[in-house]
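J.: Here it is: the structure, laid out below.
The values are calculated or read from the model by the stated rules, or taken from the named source; none is laboratory data. Predicted model only: the values in this text are computed from it and were never measured. All Cβ positions, glycine included, derive from the backbone under ideal geometry; neighbour counts span all protein chains shown.
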Amino acid sequence: MNQGGLDFREWAMEMNLIDHKIHGSSFTWWNKQSTNPIAKRLDRFLVNEEWFISFPQSVARTLAPGVSNHCGLVLDSDPKLGSLPKPFKYFKFWQKHPQYWTLLEEAWSGEARGLSYQRFYYKLKQFKAKLKQLNLSEYSEISERARAAEKALEQQQQLVLQDPTAENVGKEAELAALCHDTQRAEESFFRQKSRIRSIQEGDANTAYFHAMVRIRNHKQTIMKLVRDDNTEVIEVKEMGEVAVALYKRLSGEVDKEVQYNTVDYFQNQLRQRLDPEGIQVLLAPVTREEIREVFKKMPNDKAPGPDGFTAEFYKSD
């Protein structure tokens, strides 16, 4: 790399610029030679963290080069891709709300019928509904709530400095506690969504976590699918239909002529089999201690199942 390239790379790093993901061709330039064809990705969009915060759904695509050696690039800041219902995710800052344990007790003390796992599933479902309502009433639009709490605290502090009565001082203490709790909840929310574990909470890293969430979501968002006839699908609903059709085709249909064999038949095909002692180990019931050990070793932000409840929930006392 020449000096100009080194200077540009250093400048890009100082400006915290990020390579925007581009959909379409793998390369953006080729020498248009038939005997010794060479293709490279020379053209790109460089953006900063503020871009992803302002335009989280932005899409960049390549165009055919035409008479040029370079592909054209198009950057759409607001493609209106639409959205789908988001799955439930457990957030640990809920535990700090004064109603949390009361809601958990109400859900767990409710009547449930069926086998033990069915009762457990039902109680989790009941608790999930209560947490969704709690989040909606207390933590929805958490960043806006945090900014509003900060502004209210600043106004009250100015009032205290003008009129330091016991009433105004008491109100300031209440707003300070609310502001602190809201800020910590905001930081915890974005840290958990960013999945960054190398930085601990409590050091005012909210802006960094917020930016990482935006960047991570942008990189993982599926912007388009391509049908068998090479036509592109960008609408969320159509992409869902294409995906369902694909997996239906991959799974195939039931072949009624397939003959099903017995367990003995498959056992006879095995070259190695467990001894009776090994079989008893596999058949032994799972103990509470084994379950506790598994959860102790799991990262707090990881969910062991599709219900969205993380290990943090099961570890809490």
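J.: Within region 5-22, which residues are over 27 Å from Met223 (Cβ atoms) and touching a Ser or Thr at 6+ places or on another chain (Cβ under 9 Å)?
T.: Result: no residue meets the conditions.
J.: Within region 271-291, identify whether any single residue is surrounded by 10 or more Cβ atoms within 10 Å (Cβ to Cβ), of a type in the set (A, V, I, L, M) and within 26 Å of Trp101 (Cβ to Cβ), and answer yes or no.
T.: Among the residues of region 271-291, at least one is surrounded by 10 or more Cβ atoms within 10 Å (Cβ to Cβ), of a type in the set (A, V, I, L, M) and within 26 Å of Trp101 (Cβ to Cβ), which makes the answer yes.
J.: Can you tell me which residue in region 17-49 is modelled with the highest pLDDT, limited to those that are among the hydroxyl-bearing types (Ser, Thr, Tyr) and under 18 Å from Val74 (Cα atoms)?
T.: Thr28
J.: So Ala12 passes all but one of these: (1) in a loop (DSSP other than H, G, I, E, B); (2) more than 30 Å from Glu241 (Cα to Cα). Which condition number does it fail?
T.: (1)
J.: I'd like to check which helices (runs of 4 or more DSSP H) are fully inside region 230-305 and have at least 2 residues that are among the charged types (D, E, K, R).
T.: Answer list for region 230-305: 236-251, 288-297.
J.: Shifting gears a bit: Scan region 75-97 and tell me whether some residue there is more than 23 Å from the chain's Cα centre (by Cα) and either surrounded by fewer than 13 Cβ atoms within 10 Å (Cβ to Cβ) or among the small types (Gly, Ala, Ser) (or both).
T.: No; the residues of region 75-97 include none that is more than 23 Å from the chain's Cα centre (by Cα) and either surrounded by fewer than 13 Cβ atoms within 10 Å (Cβ to Cβ) or among the small types (Gly, Ala, Ser) (or both).
J.: Something else: Please list, ordered by residue number, the helices (runs of 4 or more DSSP H) wholly in region 39-151 having 1 or more residues that are basic (Lys, Arg) and within 28 Å of Lys302 (Cα to Cα).
T.: Result: 116-138.
J.: Under 7 Å between Cβ atoms, which residue pairs at least 6 apart in sequence (or on different chains) link something in region 178-207 that is assigned to a loop (DSSP other than H, G, I, E, B) with a partner that is of a type in the set (Asp, Glu) and modelled with pLDDT of 55 or more?
T.: Matching pairs, first to second residue: Arg195/Asp301; Glu201/Glu187; Asn205/Glu187.
J.: Does Lys130 count as in contact (Cβ under 8 Å) with a residue 12 or more places away in the chain and closer than 17 Å to Phe309 by Cβ?
T.: Spelling it out, Lys130 is indeed in contact (Cβ under 8 Å) with a residue 12 or more places away in the chain and closer than 17 Å to Phe309 by Cβ.
J.: Has region 115-138 got any residue that is within 20 Å of Leu178 (Cα to Cα) and of a type in the set (Asp, Glu)?
T.: Among the residues of region 115-138, at least one is within 20 Å of Leu178 (Cα to Cα) and of a type in the set (Asp, Glu), which makes the answer yes.
J.: Those residues that are of a type in the set (A, V, I, L, M, F, W, C) and free of Cβ contacts under 8 Å to residues at least 40 places away in the same chain, I need them from region 273-306; list them, please.
T.: Leu274, Ile279, Val281, Leu282, Leu283, Ala284, Val286, Ile291, Val294, Phe295, Met298, listed by residue number.
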